[in-house]
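Presented below is the structure to which this report refers.
The values are calculated or read from the model by the stated rules, or taken from the named source; none is laboratory data. Because the structure is predicted, anything quoted here is derived from the model rather than measured. Backbone-built Cβ (ideal geometry, glycine too); neighbour counts: all protein chains shown. Heads up: the accessible areas ignore ligands, DNA and RNA and are worked out on the full protein's heavy atoms, side chains in. Shrake-Rupley method; radii C 1.70, N 1.55, O 1.52, S 1.80 Å.
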Amino acid sequence: MTQYGSNYRGSASVPPSGGGARVAAAAAGGPTRRGLIGSGIGLVASIAAAGGGFAVWSTADSTNEDLDRAFDLDAIPEEDRPERLNSAMNLLVIGSDHREGNDEADARSDTTILMHVNEDGNAAYGISIPRDLYVYIPEDPDAEVSDTLDKFNAAYAWGGVNLTVRTLENLTGVRIDHIIEIDFNGLVAVVDALGGVTMDVEAADADGYITDPPGIESIHGEHRFFEAGPNKLYGDEALDYVRQRYQYNEGDFARMRHQQELIKAIMDSALSAGVLTDEDKLTSFISSTSDAVKVDTEFNAVATAINLMDMRSDDLVFMTTPNLGTGEQGGQSVVIYADDPENPEASNPEAVSLWEAVRDDKVADWIAANPEDEEE
């Protein structure tokens, strides 16, 4: 099976009801359990540049040299990849569910966000890719399984980051420039290095999970209770909250929204006066971040920092891949990308137009043309 059309057409995702927002306006909060910093690890150096002086900048530069460069995008044949059309930057932020002590080969990609930073470096757009999105996984001679239709996160299980990149590039036609991956332990370390984050907890609304007072009880581990409203959360707590999905009518779509909110909460905390003026806290944050993530061989944290120095969480907009809701395809319960995955424009023109906007660096125009989907 070949790519979806000559111009790499894409897919879409909305909540199971078929409605709901895709575009999340600026708000405190951020991505999933592992979806670290929206704009990437460059924010670490960005903080150093903004308030740390020479000593901290040197620490950031050293951090750049010491990053775990686990992914080689040059290993993907150039003829199999979309063309780069401009100087906008497209980062793929991947959260894996790997935990210390477990076999890394058993890790899954629970969170995937395509982060598009515009050419001017003054706006970023994070597009969450539902892990159950039913898509074509391209042929890859190095993968355990490929050249088939399946859930998006199967690409990571079968062929790691490179097959995930192939799958997303095939789906969207968007050239991925860099990779940032973080696992459970990394996310906890980053949040704790910041002294915690503040998140507006959403009360459970699914049958059997509604609580009094309003809030949400975790179905994992210690079964923590999070009261609805603003909460100061530390690493393990933040990870626990953004993992929950069964307690919400929107299921995984609510989980993705909370993950996006966590990313923005991390950005807000990292750029707060307390971090910028406390050298020990700043240095701890830089060290924790460098240990927490893996990147590609060409990623330059310092150069990225320079490009993103003026960006704040208000400049970061999140959405979810436009889709047709949940249903059954290929004998599985999935998020439906299109009625016919080989011809997505027929049933999901909205997704096709979004990927075109990302390729052409015109996402702001796409959002302006789709105002009805903006979240409260």
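Of the candidates L171, L187, the single residue that is more than 16 Å from the chain's Cα centre (by Cα) and closer than 26 Å to H116 by Cβ is L171.
Pairing each residue of the range 182-201 that is over 11 Å from K232 (Cβ atoms) and open to solvent by 10 Å² or more (accessible area, probe 1.4 Å) with any residue that is among the polar types (S, T, N, Q) and in a strand (DSSP E or B), provided the two are 6+ apart or on different chains, yields C-beta distances under 6 Å for D183/S96. In the range 330-376, the qualifying residues are those that are part of a strand (DSSP E or B) and in contact with an Asp or Glu (Cβ under 9 Å, 6 or more places away or on another chain), and the one that is surrounded by the fewest Cβ atoms within 10 Å (Cβ to Cβ) is S333. Pull up the range 215-235, narrow it to residues that are modelled with pLDDT under 95 and among the small types (G, A, S), then point me to the one that is surrounded by the most Cβ atoms within 10 Å (Cβ to Cβ). Residue satisfying both the conditions and the ranking: G235.
Checking N170, N122 one by one, the residue that is more than 23 Å from G235 (Cβ to Cβ), surrounded by fewer than 20 Cβ atoms within 10 Å (Cβ to Cβ) and among the polar types (S, T, N, Q) is N122 and no other.
For the range 125-155, filtering for residues that are over 19 Å from E356 (Cβ atoms), open to solvent by less than 50 Å² (accessible area, probe 1.4 Å) and in a loop (DSSP other than H, G, I, E, B) leaves 9. Here the condition is being of a type outside the set (S, T, N, Q), in a helix (DSSP H, G or I) and more than 27 Å from P349 (Cβ to Cβ); of E181, E237, E169, it holds for E237 alone. So is L114 within 22 Å of E345 (Cα to Cα), part of a strand (DSSP E or B) and under 18 Å from the mean Cα position of the chain (by Cα) or not? Taking the combined requirement at face value, the residue satisfies it. Count of the range 256-289 residues, restricted to those that are modelled with pLDDT of 75 or more and surrounded by fewer than 24 Cβ atoms within 10 Å (Cβ to Cβ), is 2. Residues in the range 86-111 that are of a type outside the set (G, A, S), modelled with pLDDT of 50 or more, surrounded by 13 or more Cβ atoms within 10 Å (Cβ to Cβ) and part of a loop (DSSP other than H, G, I, E, B): D97, R108.
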